[in-house]
Structure formats: C-alpha cells, structure tokens
Amino acid sequence: MSLLEVRKVSRFFGGLAAVKDVSFEVRKGEILGLIGPNGAGKTTLFNVVNGFYPPSRGEVLFRGERISGLKPHQICQRGMARTFQVVKPLQRMSVMDNVVASAFLRAKDRSEADAVAAETLAFAGLYNDRDVISKGLPLGKRKRLEIARALATQPELLLLDESFAGLNPSELDESIGIIRKIKDRGITIMIIEHHMKVIMSISDRIVVLSYGEKLAEGTPQEIGRNPLVIEAYLGEAQSA
C-alpha cells in the first residue's frame, strides 16, 4: 500500500531543472533510501514533498490525497514530519522545551505535551539531557534532538535528511538502532544519506537521483550492483 506517491514531479529555478519528472512511491511501513551525488536534487525533492516548494510540474499524494500546494505545517498536521540537513534546534531553549514545542502540534495542553516530550526523549536516548540548553549539545546529540523533535509531532511518515552526517562510528551504530526502532513503531521513513553503510543496512528499497532525474530504483542488492549507479555515484559495487 502506497503512503506517499511522487508523480512526475519537476522543480525549476529559473531555467534550471533541479528535479525533473521524478516518480516513485513510498510504501507503508518501509524505509526508502534516497541517494545520489551532491547536487542531484535530493533535498529539493524533500522540500517539494513537504511543502517548502510547490512543484513546477507534477503532484505529490499523501495517503491518497493531493498535498501539492499545501504549506509545511498543513502537511505536518496530516502526519508527515522531517529533519533538516543543517541542524537548527531552538538554541536558547532546553532540550525538553525543544521537543515540547513540537509536541504541541497535537497535544491538548502542557501536561500532555510534557508527557509526549519525555517519552520521545527517552526513546531517543536524550532524557538525561532534557535540561541542557540545546546549543550546548555535541553534534551527535543535536542530530538525535532533530529526530526527537520530528517524532514528537507523531508522524506517520518521517523524512530524514542526512541525519548521520558527521557522526563517529559509535554514534552511527546508535542512530541506526534508533531508526530501526522507529520503523518497529510502524512509522514509515524516507531517508537521504551519503553513508552507504547506513543506506545499505536499513533500507528496504532505494531510489537513485542523478542530475535531478531518477536513475534507478530497487532493493539495496540491486542498487549496489547496478552499473549505472556504480558509474554515476558509488564508484564500486556495494553489498547490503
């Protein structure tokens, strides 16, 4: 069952096609990886999907309803949340208050928002940091805070934009574990990531973009040995 459908989406900036005629679907309950060289259009596509940019052509459907043209907060209210490539917490607020702010999307009052935030921080391994001012967190924890903020909106679909960039090996393993636990909760995930260990180990399917167009789509095994993908991006065959 398709939760998200991207239908022949293009996004132009002046005469430049950052994304051109891209189509794919995200099935309920899966992790879909989105990979490709820098400048391939991955983050632009995310921005179209969650409403930061309207598509120049084509349409996006979420749970069978057209969402193209809606604002990001309207799409979030429908059950889609995202993280950003450049992490920007509310720097003067505590870790707890950062997540409480997100929880208010659905919470009826402060006590409910506090409860959602506390559970989400425990899930993300940040509960002991709840009183820390967010700008004082190291990068690995700021990345997890970004995920926690998105989870606090109680999404059905979570878009992750390079949530593993800059992490050390132990932080990578911890974050991979969190992503798998998110999937176990029944939340569908679409993730942009350059770290092939991450993508190959957690994705059910992968879509590859190159120069704004879809180059390939398939399982990690299929993508890892696809000659077009190897030439355009991977450089060598990858194993799942």
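Brief remarks follow.
- Subset of region 51-73 [farther than 14 Å from residue 5 by Cβ, within 17 Å of the chain's Cα centre (by Cα) and not aromatic (Phe, Trp, Tyr)]: 51, 72, 73
- Filter result for residue 137 (in contact (Cβ under 8 Å) with a residue 24 or more places away in the chain and under 20 Å from the mean Cα position of the chain (by Cα)): no
- Test result for residue 167, more than 14 Å from the chain's Cα centre (by Cα), outside the structural domain of residue 17 (by TED's automatic domain parsing), under 21 Å from residue 81 (Cβ atoms) and surrounded by 17 or more Cβ atoms within 10 Å (Cβ to Cβ): no
- Being at pLDDT 95 or above, in a loop (DSSP other than H, G, I, E, B) and more than 30 Å from residue 17 (Cα to Cα) holds for only one residue in 97, 114, 131, and it is 131.
- Single condition residue 95 does not satisfy, out of (1) surrounded by fewer than 22 Cβ atoms within 10 Å (Cβ to Cβ); (2) over 17 Å from the mean Cα position of the chain (by Cα); (3) under 22 Å from residue 166 (Cα atoms); (4) not small (Gly, Ala, Ser): (1)
- In region 9-16, the count of residues that are charged (D, E, K, R) and either surrounded by fewer than 17 Cβ atoms within 10 Å (Cβ to Cβ) or within 13 Å of residue 207 (Cα to Cα) (or both) is zero.
Okay, residues lined up against (1) assigned by TED's automatic domain parsing to the domain that holds residue 135; (2) part of a helix (DSSP H, G or I); (3) touching a Leu at 6+ places or on another chain (Cβ under 7 Å):
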position	(1), (2), (3)
19	no, no, yes
75	no, yes, no
92	yes, no, no
107	yes, no, no
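- Residue within region 204-220 that is β-branched (Val, Ile, Thr), assigned by TED's automatic domain parsing to the domain that holds residue 2, without any contact (Cβ under 8 Å) to a residue 60 or more places away in the chain and closer than 18 Å to residue 26 by Cβ present: yes
The values are calculated or read from the model by the stated rules, or taken from the named source; none is laboratory data. Remember, it's a predicted structure, so these values are computed and weren't measured experimentally. With ideal geometry, Cβ positions are generated from the backbone for all residues, glycine too; neighbour counts draw on all protein chains shown.
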